[in-house]
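Since the structure comes first, as structure tokens, the remarks are kept for the end.
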Amino acid sequence: MRALFIVTSICLMCFGTTPPITAQSEDKPAKPTLKTVNWPVKFTVKQKQAAVPQQVVKVKQPFYPELNPRVQQIQDALNTNTRANFPNVPLTQALNEIQKQHGINMYVSGSALKELGITADEPVNVSLHGVSLKSALKIILEPLGLAYEIDQEVLKITTQAEVDRHLITRIYPVGILCHSAEEYEAIEKAIGTACRPNIWARRQRLSAQSQVMSTPAPSPFAAPTGVLSSSITAVPQCQALVVNETDEVHEKIVELLTQLRQVRQIQMRAVPETN
């Protein structure tokens with residue numbers, strides 16, 4: 001009896017007082033606790049400021065009449081950079097690649113090639129990167145005796161003598177640069193010196209072309225056809241210059257007048273020193 005009491009007491013001590021443990025309580029993950037130290041956290045939201053629209057300054061062409069959109073597209077292409085990697089490729093292939101790259105129409109004068117005694121398959125060997133298209137074309141064409149001009153809304157490849165014959169009349173406003181007869185005379189002289197090619201070089205080219213075409217050569221003391229009508233005339237009452245020149249010379253005149261206007265604006269903004 002005493003032994004039975006002892007066994008019963010031991011069983012109650014081992015099982016009766018221990019709470020049952022279930023598998024559910026073992027698998028249940030601990031509930032995460034949220035730390036509330038320094039809560040709530042203070043923060044600021046930086047408001048996104050609206051972008052200031054950039055003002056597009058439209059610069060009017062510095063001459064009249066204005067170029068039509070197709071000619072302007074060619075002018076823009078001539079001033080953009082190009083890639084000209086032509087290792088001994090035919091001239092036509094090189095020009096086709098340039099035409100595709102810049103999306104402009106180009107035309108090679110067959111009579112110009114015949115006059116120079118060359119063909120469209122003349123080899124071109126240049127490798128140029130990061131230069132303007134107009135510079136690349138001069139490097140490619142000048143060794144062959146060729147040049148380019150904008151004619152009939154296309155970029156025409158022809159002889160330099162033919163370019164010299166094709167004259168264009170444009171009017172350049174110069175009111176910001178000229179106010180007196182002396183100033184008009186000075187700017188005419190600057191254009192003649194910096195922009196117009198040597199008159200004797202023109203005469204030699206045109207004389208050579210006349211001999212090739214079996215026509216009477218002009219007198220060495222007479223201006224050949226095309227050069228005689230090239231001129232620069234000041235019109236003070238309109239504060240303008242009327243220039244009849246080749247497209248190549250007009251391009252140089254635009255650059256010169258643009259630079260002169262920039263210099264004048266810098267001088268006008270300069271504040272004189274005061275004692």
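The values are calculated or read from the model by the stated rules, or taken from the named source; none is laboratory data. Remember, it's a predicted structure, so these values are computed and weren't measured experimentally. Every residue, glycine as well, gets a Cβ built from its backbone with ideal geometry; the counts of neighbours run over all protein chains shown. The area values use the complete protein model at the heavy-atom level, side chains included, leaving out ligands, DNA and RNA. Shrake-Rupley method; radii C 1.70, N 1.55, O 1.52, S 1.80 Å.
Give the residues of region 92-112 that are over 21 Å from the mean Cα position of the chain (by Cα) and in a helix (DSSP H, G or I), sorted by residue number.
Passing the criteria: T92, Q93, G110, S111, A112.
Output the residues belonging to region 67-91 that are in a helix (DSSP H, G or I) and exposed (fewer than 15 other Cβ atoms within 10 Å of the Cβ).
Once the filter is applied, which keeps residues that are in a helix (DSSP H, G or I) and exposed (fewer than 15 other Cβ atoms within 10 Å of the Cβ), region 67-91 yields P69, R70, Q72, D76, N79.
Would you point out the residue of region 118-131, among those that are under 26 Å from the mean Cα position of the chain (by Cα) and open to solvent by 20 Å² or more (accessible area, probe 1.4 Å), that is farthest from L95 (Cα to Cα)?
Taking the candidates together, the pick is G130.
Which condition number in (1) modelled with pLDDT of 90 or more; (2) open to solvent by 30 Å² or more (accessible area, probe 1.4 Å) is the one that A201 fails?
For A201, the exception is condition (1).
Test T233 against the criterion of being at negative phi, open to solvent by 40 Å² or more (accessible area, probe 1.4 Å) and at pLDDT 90 or above, and give yes or no.
It is true that T233 is at negative phi, open to solvent by 40 Å² or more (accessible area, probe 1.4 Å) and at pLDDT 90 or above.
So for region 100-111 (the condition being touching a residue at least 60 places away in the same chain (Cβ under 8 Å) and under 20 Å from T246 (Cα atoms)), does at least one residue qualify?
Looking for residues that are touching a residue at least 60 places away in the same chain (Cβ under 8 Å) and under 20 Å from T246 (Cα atoms), one finds none in region 100-111, hence no.
Regarding region 122-129, can at least one residue be identified that is touching a helix residue (DSSP H, G or I) at 6+ places or on another chain (Cβ under 6 Å), part of a loop (DSSP other than H, G, I, E, B) and modelled with pLDDT of 95 or more?
yes
Considering each of K138, K156 in turn, give the residue that is in a strand (DSSP E or B), under 21 Å from I168 (Cα atoms) and at pLDDT 95 or above.
Step by step, each of K138, K156 is checked, and only K156 is in a strand (DSSP E or B), under 21 Å from I168 (Cα atoms) and at pLDDT 95 or above.
Which of the residues spanning region 172-192 are farther than 25 Å from A147 by Cβ and touching a residue at least 40 places away in the same chain (Cβ under 8 Å)?
Selection gives P173, V174, G175, I176, L177, C178, A181, Y184, E185, I187, E188.
Just give me the residues in region 94-112 being under 18 Å from H129 (Cβ atoms) and open to solvent by 60 Å² or more (accessible area, probe 1.4 Å), in sequence order.
E97, K100, Q101
Suppose we filter E115, E182 for residues that are surrounded by fewer than 15 Cβ atoms within 10 Å (Cβ to Cβ) and outside any strand (DSSP E or B); which single one remains? Steps first, please.
Working: E115 fails: surrounded by fewer than 15 Cβ atoms within 10 Å (Cβ to Cβ).
Answer to the selection: E182.
List every residue pair whose Cβ atoms lie under 9 Å apart, where the two residues are 6 or more positions apart in sequence or sit on different chains, the first residue falls within region 246-258 and is under 12 Å from Q75 (Cβ atoms), and the second residue, located anywhere, is of a type in the set (A, V, I, L, M, F, W, C) and part of a helix (DSSP H, G or I).
Pairs that qualify, where the first residue is under 12 Å from Q75 (Cβ atoms) and the partner is of a type in the set (A, V, I, L, M, F, W, C) and part of a helix (DSSP H, G or I), are D247/V163; E251/L78.
Taking interchain pairs and intrachain pairs at least six residues apart, which have beta carbon atoms under 6 angstrom, with the first residue in region 132-150 and open to solvent by 30 Å² or more (accessible area, probe 1.4 Å) and the second part of a helix (DSSP H, G or I)?
K134/L78; G145/L116
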